[in-house]
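The values are calculated or read from the model by the stated rules, or taken from the named source; none is laboratory data. Keep in mind the model is a prediction, meaning the values are calculated, not measured. Using ideal geometry, Cβ is built from the backbone for each residue, glycine included, and neighbour counts are taken over all protein chains shown. Accessible surface areas use protein heavy atoms only, side chains included; no ligands, DNA or RNA. Shrake-Rupley method; radii C 1.70, N 1.55, O 1.52, S 1.80 Å.
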Amino acid sequence: WSPLGSALVSIAPGGKNLTEPNVHVWRRAGAGDPGAGAGAGGEYTLQAQFCHPKLEKDKKVLQWTMDENLCARLTPEGKINLHDGADLAESPLMELKVSNVAGFEFAPLQPKEGFHARLALFVADQRDDLQRVVGPAEVSILELSANMEGLQSSTSAKMSVPSGQVADLLWNSTGNCLIAHCQTEVDETGQSYYGGSRLAFMSQGGEVKKDITNEECQGGCVQAVSWSPTRDEFILISGFQPAKATLFSWDDRTKKLAVKKILLDKAHRNTIRFNSFGSLLCLAGFGNLAGGVDFFGREDDDYVHVSSCTANCTVSAEWAPDGRHFLTAVLAPRMRVDNGLSVWHALSGSKVSNTPFEELFDVQWRPEPNNKHPDVTQEEISQASKEDAKNVVEAGAQKKQAYRPPKARGENTNTVAQMMRGEVAAPENDDRRNRKPRRAKEDEEPEPKEAEVANRPPPPEAPAPPPPRPATQPAKAQAQPPQSQELQAQQAQQAQAQAKAQQVQAQQAQAQQAAAQAAAAQAQAQAQQRAQKEAQKQAADRQRMMQQQQAEQEDLKRAMLEMRRAGYGPGDPNQNPAAAILHAQAVAAGAKTAAMQRAQYPGSEEMQIGRMLLEQQAAQLKQQQQAQAMQARAQAMAGHQQQKVNPMSNQAQKQPPSTGWQYIDPKNQIQGPFSLLEMQQWYHMNYFRPELKMRCSDQDEFVPLAELFPHPLVPFQSYPKRVPARR
């Protein structure tokens, strides 16, 4: 709304490619000239509209002076256009020679003869592509006036701020000094997660320019700042939480800014609210804080504490038009639960109204004229301050103390322990649970049925009470003969002796039980030690047997390797019977070792199945080796018979070369040279096909395996049929 209510501004969110107007100015029919107010009657009609593609939430675009004679508009390019307050559809009266404007605010000057206005401007700092500050921000005050030549402007004060992207421009009630709360999204010092903030103070004529952040806050962050609506004084909450609330006063005559009082030294507060009269002040901690609220009243040029309360999870807080009640609200979408509004009486700190809502988005007081309600009197503030001091004293007396046991308090209030010790008699009629007395099962009688109760004869009449005894009889009954007293004393002594005897017997029984338990524990420990020693002995025996078997296997392997190096192959038992014997011994030793391992370390069912499969594969391999050995033996016997007919040539009697073996793989690449032992192993593994070309020296030609060892030669056991290389 405009100050006098003659114009209404509606704003829609902006967009990156927005081309349609999203700022509309509606004016009421019959409003007339500037300063005439809203007029009497008439509908609101669209007067002007503007397009702001980059319009942010809560950003000010239009503002009128107090008399609505002039209206300033912020353009999307960051410039300021001055329009006639009664008609914004016309072309602007003047365009200020400034750019990159991020905020503006008219001073609340009272209307005078002629035209005079005061405008504060904030120009954001300059940054490079990496968002580093390359130019400072600037706060300036312009004086606007009108003459025969038109609208004129002049700069009366200007102040540079090291950094600032946005700013809240706050004028005092008389419009002669300004506070600029400059803020940045990122704190370059790294001290605050919520960004950096600076507070610049400047008088209207530029006589005083102060950076309050460095001088008064010692470089700390600014939580909140607010001017009094009726006096030249403001409240500043500065520093990290718990913050400090300070009252500053401005003397326009002497041009001095001074600290007047520290209202709160260390408190979790971040919100300042003055009522419309400036007589009551609220300092609260809302948002991320716990919701503590302190009310102060102005008494004899000073602020005194009048009450306190707690409003948890508050999102919105405003004073009522009467200046005595304070509204707090929990709103959505900031809070999804416990939405509602509460009204507090400021002088007492009591809650007078609480209205919950399932979902509440906003709440505001209905505007009313300031002169409709009377201001709070000095007597009311003084009485509220005295009541608050009295409550503080009582709360201090009831302050929680550290726990002390009853014996350390100098008092004994444990009546249960006293009754158990016999110091206090138990109450006779103290049956708190109303339990029925227990009876033995044989004493319990079944409840009669309704028919039996009906047929049961009535009980006999109770006998008449005995006649009263004479008055002298109680006195005689009270007097006991001396013999009965002696008898009671003897009985008491006997009872004490019996109790002592029972106690001694119980102690002896406990001692015997403890001795039996100790003996049992000792026997159990000895049995465990014997079992542990036996297990260690068995483990040592198993380890010794395993080592012995491994040594035997190593010896057999070593002997077989030596025989192979000597030129004997395991394929022909006739030619190398010792190797065959060693091979059989190695197989038997391996099987024996595997059997011992299975007996000593039994595994799960899956491991047993795996062992069985391995044993089957070993048996099959053994059968294959035996079949190959028999085949080789048959070939050797056939060759021996043939030798009887045709004596073996010198070539068959020679041993094959021990090194220099090569072959051509399927990719036509020469592999080798290899040793004879390697070729024998690969041949027994069926790696070589008959058509595979190979040779035993680089002086020979590559020929197929079948031609290199023709029948009856044994591959890699007999001397090959070499083919010299062609030259």
Checklist entry - What is the Cα centroid distance between region 1-18 and region 238-296, reported in whole angstrom? => result 32 Å
Checklist entry - To the nearest 10 square angstrom, what accessible area does residue 541 show with a 1.4 Å probe? => result 50 Å²
Checklist entry - Residues with amide H under 5 Å of residue 94's amide H, sequence separation 5 or more or different chain, H placed in the peptide plane at 1.01 Å from N; which? => result 82
Checklist outcome for this item: Given backbone amide H placed at 1.01 Å from N, residues whose amide H is under 5 Å from that of residue 340, ignoring those fewer than 5 places away on the same chain, are 330, 357
Item to check | Amide H partners (placed H, <5 Å) of residue 14, local residues excluded | outcome: 55
Item to check | In sequence order, calculated HN-Hα J values of region 349-365 (Karplus, 6.51, -1.76, 1.60; Hz; x Gly/Pro) | outcome: x, 9, 8, 9, 7, 8, 10, x, 9, 5, 7, 10, 9, 7, 8, 9, 7
Checklist entry - Using alpha-carbon positions, what is the distance between the centroids of region 308-340 and region 486-511, in Å? => result 76 Å
Next on the checklist: Rounded to whole Å, give me the distance from the Cα center of region 524-538 to that of region 77-98.
Outcome noted: 103 Å
Checklist entry - Using 7 Å Cα-to-Cβ label points, what is the residue 209/residue 508 separation (nm, one decimal)? => result 10.7 nm
Checklist entry - Using a 1.4 angstrom probe and counting only protein chains, how large is the accessible area of residue 182 in Å², to 10? => result 0 Å²
Checklist outcome for this item: Relative contact order as a percentage, region 213-329, C-alpha pairs under 8 Å and 6+ apart, gives 16 percent
Item to check | 558, 336, 27, reordered so the largest accessible area comes first (probe 1.4 Å) | outcome: 336, 558, 27
Checklist outcome for this item: Applying the gyration tensor rule to the Cα atoms of region 99-191 (axes a ≥ b ≥ c; rounded if a/c under 1.5, else prolate if a/b exceeds b/c, else oblate), the class is prolate
Next on the checklist: For the full complex of protein chains and a 1.4 angstrom probe, list 326, 361 by accessible area with the highest value first.
Outcome noted: 361, 326
Next on the checklist: Could you compute how much accessible surface residue 274 exposes when probed at 1.4 Å, giving the result in Å² to the nearest 10?
Outcome noted: 30 Å²
Checklist outcome for this item: Residue-normalised value, i.e. accessible area per residue, for region 138-220 at 1.4 Å probe, in Å², stands at 47 Å²
Checklist outcome for this item: Diffing region 537-550: the Karplus 3J(HN,Hα) column from phi (6.51, -1.76, 1.60, θ = phi - 60°), in whole Hz with x for Gly and Pro, holds 5, 4, 5, 5, 4, 4, 4, 5, 5, 4, 4, 5, 5, 5
Checklist entry - How would you order 662-672, 499-509 from highest to lowest mean count of nearby Cβ atoms within 10 Å? => result 662-672, 499-509
Checklist outcome for this item: Order by accessible surface, 1.4 Å probe, largest leading, for residues 246, 377 comes to 377, 246
Checklist entry - How high is the FRET efficiency between residue 392 and residue 290 when r is their beta carbon distance and R₀ equals 25 Å, given to the nearest 0.05? => result 0.85
